[in-house]
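The values are calculated or read from the model by the stated rules, or taken from the named source; none is laboratory data. Since this is a predicted model, take the numbers as computed values, not measurements. Note that each Cβ is placed from the backbone with ideal geometry, even for glycine, and that neighbours are counted across all protein chains shown. SASA here: full protein model, heavy atoms, side chains in, ligands and nucleic acids out. Shrake-Rupley method; radii C 1.70, N 1.55, O 1.52, S 1.80 Å.
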Amino acid sequence: MSIFIVRRLGTMALTMIVVSLLLFLLLEINVEGVAIKVLGPYTSEEQRNIWLEQHGYFRPVYIRYFEWLGHFITGNFGESVRFKTAVSDVLWPRLGNTGILGLATMMVVVPLSLALGVLAGMREGSRLDRVISVTSIITTSVPEFASAVLLSAVFVFYLDLLPGTSSMSDGFSLVQLVLPVMVLVLYDFGYVTRMTRASMAEVMMTHYIRTAILKGLPYKTVIMRHALRNALIAPFTVIMLQINWLLSGVIVVEFFFAYKGFGALLLEASLNQDIFLIEACAMIAVFVAVTTQTLADLGYTYLNPRIRFA
Amino acid sequence: MTDIAAPVPAREPTLLRLLKGILLLRESTVGMIGAGLVLFWVLMAIFADLIAPFPPNATIYPLAMPGTTVPEIGTFWLGTDHIGRDILSRIIHGSRQVLLYAPLATFCAYMVGIPMGLAAGYRRGMTDDVLSFIANVILSFPVLVLYIIIIATIGASAANIVIAVTFASAPGIFRIVRGLVLDLRNREYVFAAETRGETPWRIMLIEILPNARGPLIVDACLRVGYVIITIGVLGFLGLGLPPPDPDWGGMINETRQMAMTFPHMTVFPCIAISSLVLGFNLLADGLREVSLRD
């Protein structure tokens, strides 16, 4: 098991290094481009050359890459062109806001989709199963920006119950969190539900469940004691991997509701060619994604007694 | 000695088998609804010029509510937008953009993903390790982050969207194909072909690939739906197809600031894109149901 953990962490580190190299090459291989993005398009060639000289851009690429990587690991992400401050000053508060949004979403998605998935998978083909399955297909077919529009039309325009923006300019407000979370939940719960349903349905077909039913155990005991423990292993992985999807959804939702989060920051950085901010945001997004993938793998092997690595 | 070889039943013509396959879908209500939705939008896209009551980019009568009839001009069934373009006509014409670029991008992604998946699954070893690692690296990006970085770097245009979708989707297709090939490569017909001395690529393309088509067709339907969402999201974020030609995501982006006062401008494109994606998802579900049945 420990060898497996070490190998998995090694793959994770290697992936991060390759991603960092790709990002660096994509954004910084063209030195002239970097200067234009940092100093603006209306600067003279001389100004740019002086800036490049001062910041050591005329050294070989590999030296620059390793220096950049070293700065990165120690948390020095450089200076944001757009916000005129250190990237880390902008980044961490934004990341915290997105953490709140993501956590709130997961706190709704996980219980809801597990419950619905188990209910649907318990009796495959029943009316309840069909209703839940079709509902989850419909909700995953509505893109986040569309459900954001539709839900705001209902709750903000017609019912006038909730605020249409969530900029939280007067401090944290729970009411402003409702619509963004609702949109994310609506899009994300369907997939987890379907996966839980499939896993549950598979377990219900096994011999030990049939034995338990045939020997006269109450149906509730069969489900609670025998089926759930095995049926919930696969959804664990799905939920962990869902965090990767959530990061995408967060961008759209934060943009729509003007929520001051990480996703909106990444989008703003990309649209304004703020390269150091793009690098930091992208690296953090990938780091979160890779970490959750690794945890999903490790957790899966830990939870599933049938998989044991030497 | 009697002749032990049983007569091989004559192979039905390909077209007939294809027709029978499509007719199988009748058994799935969900699949039929999906096929109906997709067909509806395909017809809209093909006959857009005949169906749409107004030219899509003409400014006619600003801020009309749905159902407004203006004498001597006509009825705006879904209203008009802030610069007076008929929303119904723009939605109908917008289906052309979506139904051209989404399947095209998906097709390109398959053209890249399939050969890589075949090679990795059939040859194993180094080829597999290298390709799988590359796929894992690309898949470790949150999808939209990847799209935003690519489009923001190379610029927003139809061709670049196709490139970005290909780059981001091919690894997923690679994984599916590889998984299927790992299973199929141990079948007897593959051993038979190897014994006959057929070349590896012939085995991969003629023997293995056609037998993997079932799950791939289902996946393609789901993927087209997802690519439609992606193109919509990019349009919505202002990174999509350039104006003025109508694009559903772009229509939502242009008018969302006014959505609180004139919700019809944003709500109808949302319904259009959701119904088309729903069509593809239901179609995929129906196809899966039918293919599992036999």
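Across the Cα atoms of region A:211-310, what radius of gyration and what greatest pairwise Cα-Cα distance (Dmax) are found, in Å?
In order Rg, Dmax, the Cα atoms of region A:211-310 give 20.6, 67 Å.
Extending each Cα 7 Å along its Cβ direction at A:Arg123 and B:Leu15, get the distance between those two points in nm, one decimal.
If labels sit at A:Arg123 and B:Leu15, their model points lie 4.8 nm apart.
Please give the average number of partner chain Cβ atoms lying within 10 Å of the Cβ of each residue in A:102-109, rounded to a whole number.
Rounded to a whole number, the mean comes out at 0.
Short version: ³J(HN,Hα) in whole Hz for each residue of region B:94-100, in order, from phi by Karplus 6.51 cos²θ - 1.76 cosθ + 1.60 (θ = phi - 60°), x for Gly and Pro, what are they?
Values per residue, Gly and Pro as x: x, 4, 4, 4, 4, 7, 8 Hz.
Could you let me know the centre-to-centre spacing of region A:50-97 and region A:214-287, using Cα atoms, in angstrom?
28
How would the protein assembly as shown be classified by its alpha-carbon gyration tensor: rounded, prolate or oblate, with rounded meaning a/c under 1.5 and the a/b versus b/c comparison settling the rest?
Rounded is the answer for the protein assembly as shown, as its axis ratio a/c remains below 1.5.
Need one value: the accessible area of B:Ile271 in square angstrom, 1.4 angstrom probe, rounded to the nearest 10.
90
Taking the Cα-to-Cβ direction at A:Lys215 and at B:Ile154 and moving 7 Å from each Cα, how far apart do the two end points lie in nm?
Going from the A:Lys215 label point to the B:Ile154 one covers 6.1 nm.
Any idea which of B:Ala119, B:Gly74, A:Pro93 is furthest toward the positive side of the dipole for the protein assembly as shown, if Lys and Arg beta-carbons carry +1 and Asp and Glu beta-carbons -1?
Farthest towards the positive end: B:Ala119.
I'd like to compare A:104-116, A:76-88: which one has the highest average count of other Cβ atoms within 10 Å, and what's the full order after that?
Result, highest mean first: A:104-116, A:76-88.
How would region B:95-154 be classified by its alpha-carbon gyration tensor: rounded, prolate or oblate, with rounded meaning a/c under 1.5 and the a/b versus b/c comparison settling the rest?
Oblate, because a/c is 1.5 or more while a/b does not exceed b/c.
Compute the angle between helix A:262-271 and the longest alpha-carbon principal axis of chain A, please, reported from 0 to 90 degrees and rounded to the nearest 10.
With both axes taken from Cα atoms, the answer is about 40 degrees.
Out of residues 5 or more away from A:Tyr259 or on other chains, whose amide H comes under 5 Å of its own, with H placed 1.01 Å from N in the peptide plane?
The list, which skips near neighbours in sequence, is A:Ser166.
Taking springs between alpha-carbon atoms closer than 10 angstrom, which of B:Leu241, B:Leu100, B:Leu18 fluctuates most in the Gaussian network model of chain B?
Evaluated over chain B, the most mobile residue of the options is B:Leu18.
Residue by residue, what Karplus-based ³J(HN,Hα) values in Hz, rounded to whole numbers, does region A:22-32 have, using 6.51, -1.76 and 1.60 with θ = phi - 60° and x for Gly and Pro?
For region A:22-32, the Karplus-derived couplings read 4, 4, 4, 5, 4, 9, 10, 5, 8, 4, 4 Hz, x marking Gly and Pro.
Between helix B:29-46 and chain B, what is the angle of the helix's C-alpha long axis to the longest principal axis, kept within 0 to 90° and rounded to the nearest 10?
On a 0 to 90 degree scale, this one is about 60.
Between B:Asn57 and B:Gln257, what length comes free when the chain is fully extended (0.36 nm per residue of separation minus the Cα-Cα distance, one decimal in nm)?
This chain segment gains 70.0 nm when fully extended.
Heavy atoms only, 1.4 Å probe, whole protein assembly: order B:His264, A:His55, A:His226 by accessible area, highest first.
Ranked list, largest accessible area first: A:His55, A:His226, B:His264.
Under a 1.4 Å probe, what is the accessible area of the protein assembly as shown per residue, stated in Å²?
About 49 Å² of surface per residue is accessible.
Mind putting a number on the dipole of region A:87-262 about its Cα centre? Charges go on the C-beta only, +1 for Lys and Arg and -1 for Asp and Glu, and I need it in Debye to the nearest 20.
980
Around A:Glu79, which amide H atoms from residues at least 5 apart in sequence, or from another chain, sit under 5 Å from its own amide H, with H modelled in the peptide plane?
A:Val87
Aspartates and glutamates within cross-link reach of A:Lys84: Cα-Cα under 19 Å, excluding same-chain residues under 8 positions apart?
Cα-Cα hits under 19 Å: A:Glu268, A:Asp274, A:Glu279.
Whole-Hz Karplus ³J(HN,Hα) for region B:135-148, in order, using 6.51 cos²θ - 1.76 cosθ + 1.60 and θ = phi - 60°, x for Gly and Pro?
For region B:135-148, the Karplus-derived couplings read 4, 4, 4, 5, 6, 6, 6, x, 3, 5, 4, 4, 4, 5 Hz, x marking Gly and Pro.
Taking 2.2 N^0.38 Å as the expected size of a compact globular protein, what ratio does the Cα radius of gyration of chain A give against it, to two decimals?
1.24
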